[in-house]
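See structure below.
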Amino acid sequence: TTFISQSSSFSFTQPTTGTLVWDLGTLSATASAEIALRVHVESYAAGVLTNRITATTVVTEANPADNTAFCTTTVVYPSGAHLLIEAVLYDGYVLYDHDEAVRLVNVGSAPADFSGWKVCDAATGGSCATLPTGSTLAPGQRIWLTYYGDKFFSSFGFLPDYEKEDTRPEVPDLGGYWPGFSNTGDEAVLCSPADEVMDTVVFEGGNTSTPGWSVPALWPYAGSGNFGSEGQILQRILDEGTGLPITDTNTAADWFQYPGDTHFGRRVLYPGWDLDAFFWPLSVTQEASITVAIAPDNAGEVFLSAIALAQERIEAEFYELENYDIIQALVAKAQSGVSVTILLEGEVAGGIADQELWACQQLEAAGGACWFMFNESDVRIYDRYTSMHSKLMLLDRRWVLISSQNPTAGGLPTDDKSDGTWGSRGVFLLTDAPAVVERALAIFQADFDPASHLDLTRWSPSNPYGYGPPPPGFQPITSSGGITSSVVFTAPLRLSGTFGFELFSAPEAALRQSDALLGLLSRAGPGDRVDVEQMYEYPNWGEMPDHTPAPNLRLEAYINAARRGAQVRILLNSGSFGNSFDIKDNLKTVENVNDLARREGLNLRARLGDPTLYGIHNKMVLVRLGEQGYAHIGSINGSETSSKINREVAVQIASNAVYDYLEEMFEWDWYHATPIYLPLVFKHYLMPADYILVSEVLYDPEGLDAGKEWVELYNPTGRAIDLSGWTLGDAAVLGEYGSGRYAFPTGTVMPARTVWTIAAQAQDVGFHPTFEFLIDPFRDDPTVPNMMPVGTWDGFGFALGNEGDEVILLDATGNPVDVLVYGAGAYPGVIPHPGVSASGHSLERRPADRDTDDCSADFFDRYPPTPGVVP
């Protein structure tokens, strides 16, 4: 008998599965082998290894297929107890960081007595808080240790398990001294009663030579925005199956904040979150009735009918509440004795509308309750989530409505639909599935808990934070809807039967890899279909440590589905929602996706669209796996903020009927994103321009600074155009006050389908323009070529009048190529645009390649402006 001994080293952290390859080398043709695998775990890890055993033979054999075999090895935590530091809050919200805290977890398989164990701020010689006699932890049990128990409660919303200062009699006291971690860097060290170092985490400027840790130190995660370091809890990465720390390698890679792990790291945790409660999505199959509605076509009316169901109570959390008819319906319910409680976001983009303050005034007067989740750092009140962005409504705790739409006039229009309507595209689902209602209620009750959280304030006439009445004399807006789009989907979908549901929330579960949205997408392969309709999907989520773009995990999941053979289509918003949406990121995403699809030959397409002429507000993903259709409906947008630090809620339903209903809507929207024009049928069809166009102009910048003015040009043709001798001016007649005409540098050639910007003063505009007029020679940007005045046409650097003017592009012979006229400006044969609605808005040509010489039809008010980008 021959014994072959092989030792192999294999380290894995994420994902929890890995593959070990065991190559037995060359065996004789007649040899047989009995394989025994023994895995020694050097660190505390859990997961499943797939072992592939391979061998070759000295002669050709009849059945070479049996040269490879597979088996699995389950790696579990070693038997017995093992205590780890799972989380550390070192820079707390409370004054003097009296809410500092450390969380310990028993990752072992047996209960243990941890009497006398210590949490210290150094391996030796530091301050240590000691667990009292009788401290025991069951397998998987966690405990919080803190400085002041009452301060911990004010930040976290629940009591700790142990405190150092005796502020809560019901909380056992720690011995020794609280470590007092430094906000600029320190070490959290777990020691046995014999002062053995059992676990360590080193953060920021702490000593990375501390036993139990390997460089580099762990830092708070900054993210792509809105990720504050104050209050950020250092948290270990958790296994999606067990909920326990996934591994312990004594490095930063074990932790949420690790920036090098795009799939499981790059996360945060803050006090007041409910990670334990909502870490796992609800997954259930139940008998239920469901209603699916489409906005703006029928959703507003269905929303009102849902409110009518309530006989006992309505509980809801919305980002905004402004629709007059919906407000009146809620007020009527409160007046009838129904308990109505509404939780709203306290810091909406652009500020809370007076209409919403009026709504709360009416609701409170009727006996309802209107609350806001808010932030007031001056008095050390910090909201738990960057935005309360979910759209969730519970009715008698028997039905739940989950939506992509806010109850605003544009989100859920409730107008007479006989002449069309006006509003954004979106969908919602209403169901009475008991488990779904129960989980949604748990989320609402966790969010709305004023007895436990400081970031909740109730509307009142004297609210100290500004959540009070609207201005005196305010008159509510009673209208809703309009006629920007036809009603195509006249009726909602109503079903009864047995359905599969998966309900989950952000930030706890939105980016799980094994289930939720990313898990569903990971199952798509050859013959499957994925259709995405989103308000936006950012091209990336910040930067990696090497400054390369970090992936948007949602976008990456769509692309990977296409790489596995699925057909994938992505439709992103190009509408303005009333001149308040910047499409630059969506344009970049579409460009990147389509370029990648061409390079890799994928069945993957992306488009911009605005099927209702008021924007796509949807957050919908449709997935067809074989014969089964799934629909993802909810509030989660495609930013890092949405998935990681907002409160969001989404539901996924397995239903071919729901899939087919929403797929019909998607097909309509996809087609109308890029309609096919038939010139023989539509006599007013206009061909794309065959010349350079003025595509966008900012003439009235905020701050009355003429140096911030700029003009954008677009070459819509398929050829490069030589601009030598061409000029750009703001008047037809020399001598008008401020008039100017400036020439492009000799040899200037504008490539096909490119966009150029010409700034009054490059240093003032906030982006890098193609050319500048150079108002002030002493502030010349040497990296930006200058436009030079023609003769006496100096024009103070091409100063555009706010009340009206002309932007004139002339060729080398002095003939006009394109002219934009606005306000009081005038030019023969050109109809002016009335002008922008406010300072800081631009005039944007839409479509960018069409020109009718009617500027009132060709140009639209755009905010924020999009220099260098055409729709």
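The values are calculated or read from the model by the stated rules, or taken from the named source; none is laboratory data. The model shown is predicted, which means the values in this text are computed figures rather than measured ones. Positions of Cβ are backbone-derived with ideal geometry, glycine not excepted, and every protein chain shown enters the neighbour counts. Just so you know, the surface numbers come from the protein's heavy atoms only, side chains and all, with ligands and any DNA or RNA stripped out. Shrake-Rupley method; radii C 1.70, N 1.55, O 1.52, S 1.80 Å.
Brief remarks on what is shown
- The length gained on full extension between Ser724 and Thr54, counted as 0.36 nm times the residue separation minus their Cα-Cα distance, comes to 234.3 nm.
- Charged-residue dipole, Cβ positions (Lys, Arg, Asp, Glu), the chain about Cα centre, Debye nearest 20: 2080 debye
- Residue-normalised convex hull volume from the C-alpha trace of segment 121-268: 133 Å³ per residue.
- Label reach from His672 (point 7 Å along Cα→C-beta): in segment 278-302, amide nitrogens under 20 Å belong to 292-302.
- Enclosing the Cα atoms of segment 189-323 in their convex hull gives a volume equal to 223 cubic angstrom per residue.
- The length gained by stretching the chain between Leu309 and Arg599 to full extension, at 0.36 nm per residue less their Cα-Cα distance, is 99.1 nm.
- Positive-pole candidate from Gly823, Ser135, Ala799, dipole of the chain, charges at beta carbon: Ser135
- Cα→Cβ-extended label distance, 7 Å offset, between Thr184 and His768, nm: 3.5 nm
- Ligands, DNA and RNA left out, the 1.4 Å accessible surface of the chain is 52% carbon and sulfur atoms.
- For segment 232-367, the relative contact order comes to 16 percent (Cα pairs under 8 Å, sequence separation of at least 6).
- Protection proxy ranking, peptides 114-122, 257-265, average beta carbon neighbours within 10 Å, highest first: 114-122, 257-265
- Sequence-separation-based contact order of segment 560-658, relative, with Cα cut under 8 Å and 6+ spacing, percent: 23 percent
- The simple Förster model, with R0 at 41 Å and r as the Cβ-Cβ distance, assigns Ser377 and Arg779 a FRET efficiency of 0.65.
- Partners of Lys391 within straight-line reach, counting lysines whose Cα lies under 16 Å from its Cα and excluding those fewer than 8 residues away in the same chain: Lys619.
- Residues Ser115 and Ser283, FRET efficiency given R0 of 51 Å [Cβ-Cβ distance, rounded to 0.05]: 0.80
- Dipole magnitude of segment 532-618 about its Cα centre (Cβ charges: Lys, Arg +1; Asp, Glu -1), debye to nearest 20: 380 debye
- Rounded tilt (10° steps) of 656-673 against the dominant C-alpha axis of the chain: 30 degrees
- Cα convex hull of segment 166-224 - mean projected area over all directions, nm²: 6.3 nm²
- Positive-end extreme of charge dipole, the chain - chosen from Leu363, Ala550, Ser387 (charges on Cβ): Ala550
- Straight-line reach from Lys417: taking Cα to Cα under 14 Å and skipping same-chain neighbours fewer than 8 places apart, the aspartates and glutamates in range are Asp297, Glu301.
- Protection-proxy order for peptides 403-409, 602-608, each taking the mean of Cβ atoms within 10 Å per residue, highest first: 403-409, 602-608
- Within the assembled protein chains, the solvent-accessible surface assigned to Thr717 is about 10 Å², based on a 1.4 Å probe.
- DSSP bridge pairs, the chain: antiparallel proportion in percent, nearest 5: 75 percent
- Protection proxy ranking, peptides 334-343, 588-597, average beta carbon neighbours within 10 Å, highest first: 334-343, 588-597
- Additional length obtainable on full extension of the chain from Met687 to Asp173, 0.36 nm per residue less Cα span: 177.1 nm
- Area of Val755 that stays accessible when all protein chains are in place (1.4 Å probe, Å², to 10): 40 Å²
- Rounded to the nearest 500, the 222 nm mean residue ellipticity of the chain from helices alone is -4000 deg cm²/dmol, with -39,500 (n - 2.57) taken per DSSP H run of at least 4 residues.
- Averaging the sequence gap over all C-alpha pairs within less than 8 Å and six or more residues apart, then dividing by the number of residues, gives the chain a relative contact order of 8 percent.
- Note on the chain: Cα Rg divided by 2.2 N^0.38 Å, N the number of residues, gives 1.09.
- Modelled spin labels at His547 and Asp660, positioned 7 Å past Cα toward Cβ, are 5.5 nm from each other.
- In the chain, the longest principal axis of the Cα atoms and the axis of helix 584-600 are about 70 degrees apart.
- For segment 504-624, DSSP calls about 35 percent of its internal beta bridges antiparallel.
- Solvent-accessible surface of the chain, averaged per residue with a 1.4 angstrom probe and all protein chains in place: 40 square angstrom.
- Label-point gap, in nm, between Arg850 and Glu230 - each point 7 angstrom along Cα→Cβ: 5.0 nm
- The chymotrypsin sites (Phe, Trp or Tyr not before Pro) found in segment 446-532 that occupy coil by DSSP, while having at most 16 further C-beta atoms within 10 Å, are Tyr465, Phe474.
- Heavy-atom SASA rank of Glu287, Glu667, Glu640 (probe 1.4 Å, accessible area, largest first): Glu287, Glu667, Glu640
- Once the Cα atoms are used to define both axes, helix 299-309 deviates from the longest principal axis of the chain by about 50 degrees.
- C-alpha center-to-center spacing [segment 750-788, segment 455-472] in angstrom: 47 Å
- DSSP-assigned coil residues among trypsin sites (Lys or Arg not before Pro) in segment 376-453, each with at most 15 further Cβ atoms within 10 Å: Arg380, Arg398
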